[in-house]
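Report on one structure; see the data block that follows.
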Amino acid sequence: MPLLLLTSLLYRFKHAGAAIVLAIIAAPALPVAAAPAAPQLVDQTGHVFSFQSLAGTPLIVTFVAAHCTDACPLVNAQFAQAARQFALERRHVRLLTVTLDPQNDPPRVMRALARTFGADPRTWIVAGGSVSEVHRVMRMFGVVARQGRKGYADVHTTFVYFVDARGSLRKTMLASSDLGAQVVAEVRAQWRELAQ
């Protein structure tokens, strides 16, 4: 069984007047799909699922807040771009966007978010769930979120996680303005490892 190596360093800086918290995470080798009593999430179609049910396909995961007006809409747009490119390439990859603000983003809000960005649930799952289950998933990935001034979790880490077909976390990438192209390039470069 792989050893979990998780190191978290928090950095605070100002961005557009808001304090942003970044967590730098050393690549953990924890099999995501092997978490005990895996948390249950709800996708945009109302289907309940766990990470174990997603095993067998490479998975690219990110966390957003539906009410965020800073990085999250950009991440969603970049995921939409990556989803279109994977469809063109007929590459069997699944994208997963999970709320990091379950108090304010119930499944109906995540369903609306999925519609806004054209997320096809066969290839791009947009998920919410109960507060406790979403927080368990966030802890699995080391996601940090804090409430901002308006009561939403809009102060948070912004990473993308590459999980291989066996359910092991292979890479963590900081989101950027060129995220869509970077995700596609990383999947192409790591395809053998991700698809095994």
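The values are calculated or read from the model by the stated rules, or taken from the named source; none is laboratory data. These numbers come from a predicted model, not from an experiment. Using ideal geometry, Cβ is built from the backbone for each residue, glycine included, and neighbour counts are taken over all protein chains shown.
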Using the structure shown, decide if PRO58 is at pLDDT below 95, more than 13 Å from THR158 (Cβ to Cβ) and in contact with a strand residue (DSSP E or B) (Cβ under 8 Å, 6 or more places away or on another chain). no
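Listed here are the residues, each with its yes/no results for (1) modelled with pLDDT under 90; (2) closer than 20 Å to ALA145 by Cα.
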residue	(1), (2)
PRO28	yes, yes
ALA33	yes, no
THR62	no, yes
ALA71	yes, yes
THR97	no, yes
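Quick grid of which residues meet (1) surrounded by fewer than 19 Cβ atoms within 10 Å (Cβ to Cβ); (2) in a helix (DSSP H, G or I):
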position: THR45; (1), (2): yes, no
position: SER53; (1), (2): yes, yes
position: GLY56; (1), (2): yes, no
position: ILE60; (1), (2): no, no
position: PHE63; (1), (2): no, no
position: HIS67; (1), (2): yes, no
position: LEU74; (1), (2): yes, yes
position: ALA77; (1), (2): yes, yes
position: PHE86; (1), (2): no, yes
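Okay, residues lined up against (1) of a type in the set (A, V, I, L, M, F, W, C); (2) in contact with a Pro (Cβ under 8 Å, 6 or more places away or on another chain); (3) surrounded by 15 or more Cβ atoms within 10 Å (Cβ to Cβ):
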site: PHE141; (1), (2), (3): yes, no, yes
site: ARG149; (1), (2), (3): no, no, no
site: ARG166; (1), (2), (3): no, yes, yes
site: ARG170; (1), (2), (3): no, no, yes
site: VAL183; (1), (2), (3): yes, no, yes
site: ARG192; (1), (2), (3): no, no, no
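What residue, of ALA80, ALA114, is under 22 Å from SER176 (Cα atoms) and out of contact with any Phe, Trp or Tyr (no Cβ under 7 Å at 6 or more places or on another chain)? Spell out how you get there, then give the answer.
Working: ALA80 fails: out of contact with any Phe, Trp or Tyr (no Cβ under 7 Å at 6 or more places or on another chain).
Exactly one of ALA80, ALA114 is under 22 Å from SER176 (Cα atoms) and out of contact with any Phe, Trp or Tyr (no Cβ under 7 Å at 6 or more places or on another chain), namely ALA114.
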Going through region 72-92 in order, the residues found to be touching an Asp or Glu at 6+ places or on another chain (Cβ under 9 Å) and either among the hydrophobic types (A, V, I, L, M, F, W, C) or without any contact (Cβ under 8 Å) to a residue 24 or more places away in the chain (or both) are CYS72, ALA83, ALA87
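Sort through ALA175, ALA145 and tell me the only one that's modelled with pLDDT under 90, of a type in the set (Gly, Ala, Ser), farther than 23 Å from GLN196 by Cα and touching an Asp or Glu at 6+ places or on another chain (Cβ under 9 Å).
Testing whether each residue is modelled with pLDDT under 90, of a type in the set (Gly, Ala, Ser), farther than 23 Å from GLN196 by Cα and touching an Asp or Glu at 6+ places or on another chain (Cβ under 9 Å) leaves just ALA145.
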Exception for THR99 within (1) buried (at least 20 other Cβ atoms within 10 Å of the Cβ); (2) within 20 Å of ARG84 (Cβ to Cβ) falls at (2)
Okay, strands (runs of 3 or more DSSP E) sitting entirely in region 93-196 with 2 or more residues that are under 16 Å from the mean Cα position of the chain (by Cα) and touching a residue at least 60 places away in the same chain (Cβ under 8 Å), I get 124-127, 159-163, 169-174
Expected single match for aromatic (Phe, Trp, Tyr) and farther than 23 Å from GLN40 by Cβ among PHE117, PHE79, PHE159 is PHE117
